[in-house]
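Report on one structure; see the data block that follows.
The values are calculated or read from the model by the stated rules, or taken from the named source; none is laboratory data. The model shown is predicted, which means the values in this text are computed figures rather than measured ones. Here the Cβ positions follow ideal geometry from the backbone for every residue, glycine too, while neighbour counts run over all protein chains shown. Accessible surface is based on the protein model in full, side chains and every heavy atom, while ligands, DNA and RNA are left aside. Shrake-Rupley method; radii C 1.70, N 1.55, O 1.52, S 1.80 Å.
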Amino acid sequence: MKDKQLLSQLNKLKDQRPNLLWLQSNRELLASQLYSGQTEPAALSWSVKANLLGRLIFQPQYVAVMIMLFFAGSGLFGYKISQASVPGDSLYIAKRISERAQLMLAFSDESKAKLSVEFAGKRLEELKDLIKDEPNSDTAEAAKIADLKASVESEIKVARERLAKTKPEPVAPVTKTKADDSQEFIAAEATKDSQGLDISLPELPELSTRSADMIIEEASLLLDQDQLDKVKDRLDELNKLIR
Amino acid sequence: MSNSTDKKSAFFEDDHSLFLRLKKYKDKQAFLLAYDQYAEAIYRFIFFRIGNEDDARDLTSVTFLKCWSSVQEGKLNDSNDYKSLRSFLYKIARNQTIDYYRQSKPTSDLELAEAIIDDKQDLSTIDETLSLELVKAKLLDLKEEYRSVLVMRYINDLSISEISEITGKDKGNVRVTILRAIKALKNLVKTHHER
């Protein structure tokens, strides 16, 4: 075997590429992070942010412990401050990085999908708050809103991707109607009518099987139409589906 | 020769320009351009170090987030250690994978690749002893140090200087490691065929 052959094959491994959908959605996530954060953080939260970032990023195996210790040290107040941070706050980047770290710690595709749905919900709440607080949006605020929307979309896309890897696809329980109950008690012998024709069993109402994919599709469409409350409902529904 | 020199200068100008914009102005647009330029290569580097696609994606995300955070904190200005944006990103990625290894023994796609090799060999277009899947599988089987240098050099096209900067080893050491890595990979492939 010649070295040249081996190196040529190695070179072909350039084709090992990340999923394009992920690449794009991750870019949108980064962009929303960049254009929502401050460049001049306040002094106190700067030291907190640097401490949290250092522990989160350099030692991911201790992420969960460090997050708990940090919040235990700073108390419930500290936790609420960080989790309540919104785009523009200096702790916002810490919040987003801690979310990434949580994803890393999740073991299964289901748990990662569930987290992605949860993060989409958080971005949605941030978006709703931003719209509520900034009724007369100027260009800069409009850009923030657009970026947050892109973030929600990204997280939904990531959840879809994770769920696509799980088998079988989560399906919402069948919704029974009152008609179902009345049809339940059918005599076993009643298979032919008086003319000897086969009687088909009473038709069940149309099964309302809503797959996770359908719900995600609806959520995306509703987001495009700015129906944020309905998007929230879809995310809640999706969250219940994923175990 | 002139083509590769032109390409090299073009690369350095782009990277240098992006690096400057980040250091001096914390230019967000420059950062996103850096993402467009390097995300695939960083992902590939991480993937071949840990052998898991999902985790490679997560670590790639964290790498870029960490990079931006360093830009915001002014770390690029503090030290002369970082000669290019690319090597800075690779260093972060490398540190992430080292931490990842410490945390857990990663599950790799190695078994899947082995199964693919055993089931089918693409004999039609390439040397039957050296199918792409075989090379990929054996690459993942190499020890981490060898795997890294081969990925950086022959898959991601980094220069010896860059690899030296990223790994902290001198250039001579890097060259020797690369040669040893190629030899080790050849041996693994040879052993596979002797089974």
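Some notes on this structure:
- Each residue in the stretch A:143-174 was checked for being over 23 Å from B:ASP58 (Cα atoms) and at pLDDT 75 or above, and 2 pass.
- Residues within the stretch B:164-195 that are open to solvent by 40 Å² or more (accessible area, probe 1.4 Å), of a type in the set (Asp, Glu) and assigned to a helix (DSSP H, G or I), tallied: 1
- Within the stretch B:142-158, residues that are more than 8 Å from chain A (Cβ to nearest Cβ) have Cβ atoms under 7 Å from residues that are open to solvent by 60 Å² or more (accessible area, probe 1.4 Å) and part of a helix (DSSP H, G or I) in these pairs: B:TYR146/B:ARG180, counting only partners at least 6 apart in sequence or on another chain.
- Members of the stretch A:1-31 found to be within 7 Å of chain B (Cβ to nearest Cβ) and polar (S, T, N, Q), listed by number: A:GLN5, A:GLN9, A:ASN11, A:GLN16, A:ASN26
- Residue match in the stretch B:74-88 (condition: within 30 Å of B:SER17 (Cβ to Cβ), within 11 Å of chain A (Cβ to nearest Cβ) and at pLDDT below 90): yes
- When B:SER9 is tested against the conditions (1) open to solvent by less than 50 Å² (accessible area, probe 1.4 Å); (2) among the small types (Gly, Ala, Ser); (3) modelled with pLDDT under 85, the lone failure is (1).
- Candidates B:LEU132, B:LEU123: the one that is at pLDDT 60 or above and either in contact with a helix residue (DSSP H, G or I) (Cβ under 6 Å, 6 or more places away or on another chain) or of a type in the set (A, V, I, L, M) (or both) is B:LEU132.
- Members of the stretch A:218-242 that are among the aliphatic types (A, V, I, L, M) and open to solvent by less than 90 Å² (accessible area, probe 1.4 Å): A:ALA219, A:LEU222, A:LEU223, A:LEU228, A:VAL231, A:LEU235, A:LEU238, A:LEU241, A:ILE242
- Residue check for B:ASP27: more than 29 Å from B:LEU142 (Cβ to Cβ) and at pLDDT 85 or above: yes
- Of the residues making up the stretch B:20-66, those that are surrounded by fewer than 22 Cβ atoms within 10 Å (Cβ to Cβ), in contact with a Lys or Arg (Cβ under 7 Å, 6 or more places away or on another chain) and closer than 19 Å to B:VAL149 by Cα number 1.
- Matching residues in the stretch A:32-45 - criterion: being modelled with pLDDT under 50 and within 7 Å of another protein chain (Cβ to nearest Cβ): A:THR39
- The one condition in (1) of a type outside the set (S, T, N, Q); (2) more than 9 Å from every other protein chain (Cβ to nearest Cβ); (3) within 13 Å of B:PHE88 (Cβ to Cβ) that B:ARG49 fails to fulfil: (3)
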